Amino acid sequence: MSLPRSTVEWGVFALFVVGSLAAGILGSVATTPNIPTWYAGLVRPPLSPPTWVFAPVWTTLYLLMGAAGFLIWQKRDHPAAKTGLALFGVQLVLNLAWSWVFFAFHAIGLAVVVVVALWLSILATIERFYRVEPLAAYLLIPYIAWTTFATYLTAAYWYLNPAWR
């Protein structure tokens with residue numbers, strides 16, 4: 001693992017970090033207007049954290065994702081790197097999709113399906129990243145841990161709010 005060494009590498013690093021953060025920002029477009037209205041009216045599952053917790057946690061996770069993606073890009077000639085980066089893109093799309101499915105479309109049942117697919121894609125990304133650069137895989141461990149918790153929350157919201165199934 002190495003820090004960016006050239007202007008091009010710093011630019012690519014910035015693209016990975018900003019691109020990851022952009023997924024979060026685009027997701028917040030669906031999330032933010034629905035929190036004080038629709039989301040506030042849902043029955044909350046046990047262990048559901050206060051809403052203010054999500055922004056700092058997700059910001060940290062997006063920064064770690066960006067760094068992990070950059071580490072794999074640095075070793076893009078490795079046979080597993082191309083697949084790893086493709087999986088990285090898939091999990092970012094699913095991450096973004098979950099926010100829209102849950103918050104904008106209020107389709108909690110479909111959100112359960114999306115979050116399970118997200119979890120599986122993160123696991124596949126971790127496995128592929130580990131083959132290329134173990135540190136990149138380790139940087140995604142907090143992400144899959146939080147997504148495991150998010151899977152519980154999504155399923156619990158689905159179970160506790162039958163009107164939104």
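Helices (runs of 4 or more DSSP H) fully within the range 87-165 that include at least 3 residues being within 21 Å of Ala23 (Cβ to Cβ), out of contact with any Cys (no Cβ under 6 Å at 6 or more places or on another chain) and among the aromatic types (Phe, Trp, Tyr): 141-160.
Scanning the range 119-150 for residues that are surrounded by fewer than 19 Cβ atoms within 10 Å (Cβ to Cβ), in contact (Cβ under 8 Å) with a residue 24 or more places away in the chain and of a type in the set (Ser, Thr, Tyr) yields one hit, Thr148. Residues that are of a type outside the set (S, T, N, Q) and surrounded by 15 or more Cβ atoms within 10 Å (Cβ to Cβ) within the range 64-77 comprise Leu64, Met65, Gly66, Ala67, Ala68, Gly69, Phe70, Leu71, Ile72, Trp73, Lys75, listed in sequence order.
Here is a list: Ala163, Ala97. Which entry is at pLDDT below 95, out of contact with any Leu (no Cβ under 6 Å at 6 or more places or on another chain) and small (Gly, Ala, Ser)?
Ala163
Can you pull out every residue in the range 102-118 that is under 18 Å from Gly89 (Cβ atoms) and either surrounded by 19 or more Cβ atoms within 10 Å (Cβ to Cβ) or modelled with pLDDT under 95 (or both)?
Taking the range 102-118 as the starting set, the residues that turn out to be under 18 Å from Gly89 (Cβ atoms) are 114-115, 117-118.
Answer for the range 102-118, where residues must be under 18 Å from Gly89 (Cβ atoms) and either surrounded by 19 or more Cβ atoms within 10 Å (Cβ to Cβ) or modelled with pLDDT under 95 (or both): Val114, Val115, Leu118.
Listed by first and then second residue, the pairs with beta-carbon distance under 7 Å, at least 6 apart or on different chains, first residue in the range 72-93 and on the phi < 0 side of the Ramachandran plot, second of a type in the set (Lys, Arg) and modelled with pLDDT of 95 or more, are Ala80/Arg128; Ala80/Arg131; Ala81/Lys75; Thr83/Arg128; Gly84/Arg128; Leu87/Arg128. A single member of Thr60, Thr31 is within 16 Å of Ala107 (Cα to Cα), hydroxyl-bearing (Ser, Thr, Tyr) and either assigned to a helix (DSSP H, G or I) or at pLDDT 95 or above (or both), and it is Thr31. Residue under question is Ala156, and the condition is that it be within 19 Å of Val57 (Cα to Cα), surrounded by fewer than 20 Cβ atoms within 10 Å (Cβ to Cβ) and out of contact with any helix residue (DSSP H, G or I) (no Cβ under 8 Å at 6 or more places or on another chain); does it hold? Against the criterion (within 19 Å of Val57 (Cα to Cα), surrounded by fewer than 20 Cβ atoms within 10 Å (Cβ to Cβ) and out of contact with any helix residue (DSSP H, G or I) (no Cβ under 8 Å at 6 or more places or on another chain)), Ala156 does not qualify. Here Thr60 meets the list (1) touching a Leu at 6+ places or on another chain (Cβ under 8 Å); (2) exposed (fewer than 15 other Cβ atoms within 10 Å of the Cβ); (3) in contact (Cβ under 8 Å) with a residue 40 or more places away in the chain almost entirely, failing just condition (1).
Trp38 - would you say it is in contact with a helix residue (DSSP H, G or I) (Cβ under 9 Å, 6 or more places away or on another chain), touching a residue at least 60 places away in the same chain (Cβ under 8 Å), farther than 20 Å from Tyr143 by Cβ and aromatic (Phe, Trp, Tyr)? Spelling it out, Trp38 is indeed in contact with a helix residue (DSSP H, G or I) (Cβ under 9 Å, 6 or more places away or on another chain), touching a residue at least 60 places away in the same chain (Cβ under 8 Å), farther than 20 Å from Tyr143 by Cβ and aromatic (Phe, Trp, Tyr).
Among the residues of the range 39-57, the ones that are on the phi < 0 side of the Ramachandran plot, loosely packed, with under 14 Cβ neighbours inside 10 Å and in a loop (DSSP other than H, G, I, E, B) come to 4 in all.
The values are calculated or read from the model by the stated rules, or taken from the named source; none is laboratory data. All values derive from a computational prediction rather than experimental measurement. No Cβ is skipped: glycine too gets one built from the backbone with ideal geometry, and neighbour counts run over all protein chains shown.
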